[in-house]
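Peer 1: If you scroll down you'll find the structure; I have some questions about it.
The values are calculated or read from the model by the stated rules, or taken from the named source; none is laboratory data. Because the structure is predicted, anything quoted here is derived from the model rather than measured. Using ideal geometry, Cβ is built from the backbone for each residue, glycine included, and neighbour counts are taken over all protein chains shown.
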Amino acid sequence: MNKLKLLTICTFVSGAVFSQEWKPQAWPVLKRYDRDHLYQVALPLGGIGTGTVSLGGRGELRDWEIMNVPGKKYSTVTTGNNAPFFAIYAKPQAGEAMTTLLAGPLYPQEYLHYEGRPVNHHGMPRFADAAFEAAYPFGQVHLSDRQLPVKVTVKGFNPFVPGDADASGLPVAVLAYEVTNTTDRPLEVAVCGSMRNFIGKDGSKFRTDWKGDFIPVGVKENRNRFRKKNGLQGLYLYSDGVDKNDPAYGTVALTTQAVEGVTFRTSSRADDWNNGILNFWDDFSADGELTERDRQEDEDPMASLAVKKTIGPGSTETFTFYLTWNFPNRKAWSETVVGNYYSTQFPDAWKAAETIVPRIPELEKQTLSFVNAFLKSTYPDVVKEAALFNLATLRSQTVFRLPSGHLMGWEGVMDRFGSCAGSCTHVWNYEVATPFLFGELAKTMRDVEFNHATKENGLMNFRASLPLSEAAKGNSAAADGQMGCVMKIYRDWQLSGDEAFLQKNWGQVKKVLAYAWIDKGWDGNQDGVMEGSQHNTMDVNYFGPNPQMGFWYMGALKAAEKMALAMKDKSFARKCNTLFRQGSAWMDTNLFNGEYYEHKITDPETFEYLDMRNPDVKLPPFQLGKGCLVDQLVGQYMAHICGLGYLGDKDHIRTTLGSIMKYNYVEDFSRHFNNMRSYVMGDESGLLMASWPKGRLEVPFPYFAEVMTGFEYCAAAGMIYEGMEDEALTCIRAIRDRHDGAKRNPFSEAECGHHYARSMASWAAVIALSDFRYSGVDRRMHFTDRPGCYFWSNGYAWGTCSVADKVVTLEVLKGSLLLDKLVIGDKEKRLKRFSLEAGEKQTIDFL
C-alpha cells in the first residue's frame, strides 16, 4: 500500500497560503426535491465560458461537457460502469466493510435494456434514498440507507460572484462529501473518485458496434500521473496521443487538500470483459485504500484518488475534491479554432487547481454573500427560483468567451451540438441577467454587435460569424434584433455610466438605427411605422405593421433620442423624437383593437394593406394577423427595464396584458393540439405563443401553438409593471411547476435547445418587483415604495435596499456606489457626496 503523508500543514505558493483542508460552510436552501423528483435534476458545475459537469439529483456526476461541446445524451466521456464516479468505503469496528456508489436509487424506467446495461453505474450498489436541495450555484444531495452505517451529504458548487466575471469563470467543480457516522462506534471511511482518462473523446469521433450503438473512438497514449505539490495532491490526466490542435485535446486534474490517508492508482488492469472496473472495485473494497499498479502496456488509463479517515460515533467528517480542466481549442460554430478565454488564465488543469483551490474559501464566502442576500429579499420564492436557477445558463455550453474576453453564445445546446449559432440578437434581446449581473460581459456583446457584426450601411448581422474578423459576413438583418440592440446599448451605457463607451459606439448606433430608413426598408418612408419585410425571432418575415416589431422600433427611437442628446447631436435627436411620436400614435390608433394590438398584413411587393376578411385575397404564409401574440409588448418590456417609460398608451398596454392572460393562458393542455414542438404537455399550464379569438389564419407563424419560457417571463414581467402581480406569479409558477426535477431539469429551461438563453428573461421579474432602475450617468437609483428588502445589482455593484415607513437602508455588498439621487416610489431624495463601498450600509430618512 502507498500511504502518502504530508509533513507540513501550510505551504506557500505564489503569495497564497494553502491551509488545512477546506470544508464548506452551511449552505442555504431555496428548493428541495424529494426522491420522486430527481430523475432530470442536473446542476451544472463550472464557470462562465469553461464548460461544466453536472451534479445529478441522486449524487452522480453526469453531462460531462468540459471539452468544448455539449454532452447531454451521448456521453462524451465513458459510459456504463466505466463512467466517472465517486464511491464510499465504510467499515465498522469488528464489522463487515461495505463499498457503495455515492448515488441514490434507480427509477423503474431505468431497468429495461436489451443488454442489461440501462444506465451508468448499473452494476454498483447504491444508497436506498436520496433528496436534492439547491440554491444555485449550491447543490446538496442527501443520501441515506438503513443497511449502511453512514449518511452522506454531497455538496457541489462553482463560485458565482456578480460583477466579477473572472471569479465566476473558473474551470472547477468543487465537491465535498460530508459523511456522518450513524453508529455508536468509530468507523473507517474512505471516499474515492475514479475516472477513465477520456481526453480526445468528445463525441465527434465514434464508431457503430454490431448492435448499432455509438461507441466513442478510443485514444491511445492517454496518461495519468500522481502529483504532490504546493499543498495539493492528486491525479493529472493528459494525452500524448491526441493532436494538440484538436478541440478534445487538454488536461484534467482531480485533487485534494487532504494531508493524510491519501492513496491512488493511475491505471487499472486491461479492461477486457470489464476487468478494469472489477480490479479497481476489488482493490478499494479490500481496505478503503488504493494500490498503485506497475504500468503495463495494456493497462487501462483509469485514475482513482481516495482519502481515508476515521469518524467517531455520531460525528461527521468532510472529504473534499476539486475537479479542474483545460481544453483550449474551442471551435465554436465553425471549423476555425477560436480558443477559450479561461485557457489564457491557466496553462493546464494542474496549474488551474494550484491557482483556484487556495481561493475557494474566499470565493465561497462571496458566493454565499450573493445567494444569502438574494434569498433574504422579499421576492416570492417562485420568482427567486426562476431567476436564480436560470443563471445556470451562463455557465452551460450555451455560453463561451473568446480569448479576447468577448462573451459569445449559442441560442441553446442540443444533446451533442450547439443550437443556432452567432449570439443571435433576437434571442439574446430578451435576457437581462447578463447586463444586471456582469456589466462588462454585456458590453463585450455590444462590441460584437455594433463593431464587428455591422456593415458600413448599418446592416447588423443578427448572427455573428467567427472569428470576429468575419462577424459581418452575410446579409442577415433582423428587425427585432437590430432595434433591440439599440435599446440594449442604451441600457448598458446607463448601468455603467461609461461616457467613453457611448462616445466610442455612437456613430455605429446611428448607422444601425438609420438602416431602418433605407429605401424599401423596415420604415423606408420614415413615418415611424414599420411596413417592410421584417425578419424576427419567429424565424419568419412579417409583412406590415405589427406590435412586436413596432414596439422594439419605438423603444429604439426613444433610446436613440436620449443618447443623441447626450452626444449633443440635436438634429438626430429631433428626428428620433418625431418618428417616435408619429409611430406611437399610429400604433395606438390603427393596431389596438380594443383588447390588444394586432398585425395589419401588407402585400410583400407593394406594401399595400390586404383585406383579411376577403376570402379571395391571398395572404402571405406564416403571419400573425389578428392574433393575440404573447410578446407583442416585448419592446415595452425592455423600455420599462431601461427606464424609458411608456411606448404607447398606458391603458392600452395594461388592457393588452389582460387579454394575453385571458386568451393565451391555458390551465390544462390535455386537450391542446400542437403541430410543432411541445414544451408543455398534459395537465400542465402555460402561456401560448399566440391565440386567435376572432379566427386563426390558415397558415400562421410556425410556433403559434407552442409555449416557451422566455416569452412567458417577458409577459409576466410586463404584468408586474402594470400592477398585475397575481397574474404574473400564476405564469411564473406554471413554468417552474413544469421544471419539477421529475419531468424536466430545474436548471435548464429548453426552447430550441437546453439552457436556452431567452430563459434568463426570468431575472426581469426581480427588476420589475423592486421597480429597480439605475443610471450611472445621472447617479440615480429608483425602488418601489412597497415595504420590503430588495436585492439589487447594476452589473458592477450589488447589495440590498430595505424600504420601511419613510426610512430606506442601502447596503453595498460588492463594488461601490455613487449616488446623487435616490427615488422611492415617487419621492426623490437629493444626496450630497453619497458613496458606499463594499461592506457599508447607510440609512436614509425620507421624512
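Peer 1: Quick one: in segment 243-278, of everything that is buried (at least 20 other Cβ atoms within 10 Å of the Cβ) and either without any contact (Cβ under 8 Å) to a residue 12 or more places away in the chain or β-branched (Val, Ile, Thr) (or both), which residue is farthest from Tyr322 (Cα to Cα)?
Peer 2: Ile277
Peer 1: Here's a follow-up. Does Thr50 satisfy the criteria of being at pLDDT 95 or above, part of a loop (DSSP other than H, G, I, E, B) and touching a Lys or Arg at 6+ places or on another chain (Cβ under 8 Å)?
Peer 2: Values: at pLDDT 95 or above: yes; part of a loop (DSSP other than H, G, I, E, B): yes; touching a Lys or Arg at 6+ places or on another chain (Cβ under 8 Å): yes.
Spelling it out, Thr50 is indeed at pLDDT 95 or above, part of a loop (DSSP other than H, G, I, E, B) and touching a Lys or Arg at 6+ places or on another chain (Cβ under 8 Å).
Peer 1: Only one residue in Asn340, Asn390 is buried (at least 24 other Cβ atoms within 10 Å of the Cβ), assigned by TED's automatic domain parsing to the domain that holds Arg736, modelled with pLDDT of 95 or more and within 20 Å of Pro44 (Cα to Cα). Which one? If you could, list the steps in order and put the result at the bottom.
Peer 2: On the way: Asn340 fails: assigned by TED's automatic domain parsing to the domain that holds Arg736.
Only one candidate passes the filter, namely Asn390.
Peer 1: Might you check whether a residue that is at pLDDT 95 or above and over 16 Å from the mean Cα position of the chain (by Cα) occurs anywhere in segment 743-752?
Peer 2: Scanning segment 743-752 turns up at least one residue that is at pLDDT 95 or above and over 16 Å from the mean Cα position of the chain (by Cα).
Peer 1: How many residues, within segment 224-239, are surrounded by fewer than 20 Cβ atoms within 10 Å (Cβ to Cβ) and either hydroxyl-bearing (Ser, Thr, Tyr) or at pLDDT below 95 (or both)?
Peer 2: 2
Peer 1: So, one more: Kindly establish whether Met781 is under 18 Å from Cys642 (Cβ atoms) and in the same structural domain as Ala392 (by TED's automatic domain parsing).
Peer 2: On the way: under 18 Å from Cys642 (Cβ atoms): yes; in the same structural domain as Ala392 (by TED's automatic domain parsing): no.
Against the criterion (under 18 Å from Cys642 (Cβ atoms) and in the same structural domain as Ala392 (by TED's automatic domain parsing)), Met781 does not qualify.
Peer 1: Do we find a residue being of a type outside the set (S, T, N, Q), surrounded by fewer than 19 Cβ atoms within 10 Å (Cβ to Cβ) and either in a helix (DSSP H, G or I) or not assigned by TED's automatic domain parsing to the domain that holds Trp517 (or both) anywhere in segment 587-600?
Peer 2: Checking segment 587-600: at least one residue is of a type outside the set (S, T, N, Q), surrounded by fewer than 19 Cβ atoms within 10 Å (Cβ to Cβ) and either in a helix (DSSP H, G or I) or not assigned by TED's automatic domain parsing to the domain that holds Trp517 (or both).
Peer 1: Please work out which one of (1) at pLDDT 95 or above; (2) part of a loop (DSSP other than H, G, I, E, B) is the condition Tyr774 fails and give its number.
Peer 2: (2)
Peer 1: Another one. Kindly indicate whether any position in segment 117-124 is among the charged types (D, E, K, R) and either at pLDDT 95 or above or outside the structural domain of Thr52 (by TED's automatic domain parsing) (or both).
Peer 2: Just the residues of segment 117-124 that are among the charged types (D, E, K, R), to begin with: 117.
Subset that is either at pLDDT 95 or above or outside the structural domain of Thr52 (by TED's automatic domain parsing) (or both): none.
Taking every residue of segment 117-124 in turn, none turns out to be among the charged types (D, E, K, R) and either at pLDDT 95 or above or outside the structural domain of Thr52 (by TED's automatic domain parsing) (or both).
Peer 1: In addition: Output the residue which, of all residues in segment 164-174 that are buried (at least 24 other Cβ atoms within 10 Å of the Cβ) and out of contact with any Leu (no Cβ under 6 Å at 6 or more places or on another chain), is nearest to Thr320 (Cα to Cα).
Peer 2: Val174
Peer 1: List the number of the failed condition for Tyr637; all other conditions in (1) of a type in the set (Phe, Trp, Tyr); (2) under 25 Å from the mean Cα position of the chain (by Cα); (3) farther than 30 Å from Gly795 by Cα hold.
Peer 2: All conditions pass for Tyr637, except number (3).
Peer 1: Taking the condition under 16 Å from Cys731 (Cβ atoms) and in a helix (DSSP H, G or I), does Tyr679 pass? If you could, list the steps in order and put the result at the bottom.
Peer 2: Numbers: under 16 Å from Cys731 (Cβ atoms): yes; in a helix (DSSP H, G or I): no.
Answer is no for this residue.
Peer 1: Go through (1) assigned to a strand (DSSP E or B); (2) buried (at least 24 other Cβ atoms within 10 Å of the Cβ) one by one and return the number of the condition Leu819 breaks.
Peer 2: Status for Leu819: all satisfied but (2).
Peer 1: Restricting to segment 86-122, and then to whatever is touching a strand residue (DSSP E or B) at 6+ places or on another chain (Cβ under 6 Å) and within 27 Å of Lys201 (Cα to Cα), can you tell me which residue is surrounded by the most Cβ atoms within 10 Å (Cβ to Cβ)?
Peer 2: From segment 86-122, those touching a strand residue (DSSP E or B) at 6+ places or on another chain (Cβ under 6 Å) are 86-92, 97-102, 104, 121; that's our starting set.
If we keep only those that are within 27 Å of Lys201 (Cα to Cα) too, we end up with 86-87, 101-102, 121.
Details: Phe86: 23, Ala87: 24, Leu101: 21, Leu102: 27, His121: 21.
Per the stated criteria, the residue is Leu102.
Peer 1: Going through Gly753, Gly776 one at a time, which residue ends up being within 20 Å of Ser396 (Cα to Cα) and surrounded by fewer than 24 Cβ atoms within 10 Å (Cβ to Cβ)? Full working, then the answer.
Peer 2: Working: Gly776 fails: within 20 Å of Ser396 (Cα to Cα).
Residue meeting the stated conditions: Gly753.
Peer 1: Every residue in segment 471-514 that is crowded, with 21+ Cβ neighbours inside 10 Å and among the hydroxyl-bearing types (Ser, Thr, Tyr), please.
Peer 2: Listed by number, the residues that qualify are Tyr490, Ser496.
Peer 1: While we're here: May I ask you to list the residues in segment 659-693 that are touching a Cys at 6+ places or on another chain (Cβ under 7 Å) and among the polar types (S, T, N, Q)?
Peer 2: Ser659, Asn664, Ser691
Peer 1: Would you mind finding the one in Gly481, Gly474 that is part of a loop (DSSP other than H, G, I, E, B), farther than 30 Å from Asp820 by Cα and not basic (Lys, Arg)?
Peer 2: Values: Gly481 fails: part of a loop (DSSP other than H, G, I, E, B).
Unique residue meeting the criteria: Gly474.
Peer 1: For segment 122-155, enumerate the residues that are polar (S, T, N, Q) and in contact with an Asp or Glu (Cβ under 6 Å, 6 or more places away or on another chain).
Peer 2: Of all residues in segment 122-155, those polar (S, T, N, Q) come to 140, 144, 147, 153.
Listed by number, the residues that qualify are Gln140, Ser144, Thr153.
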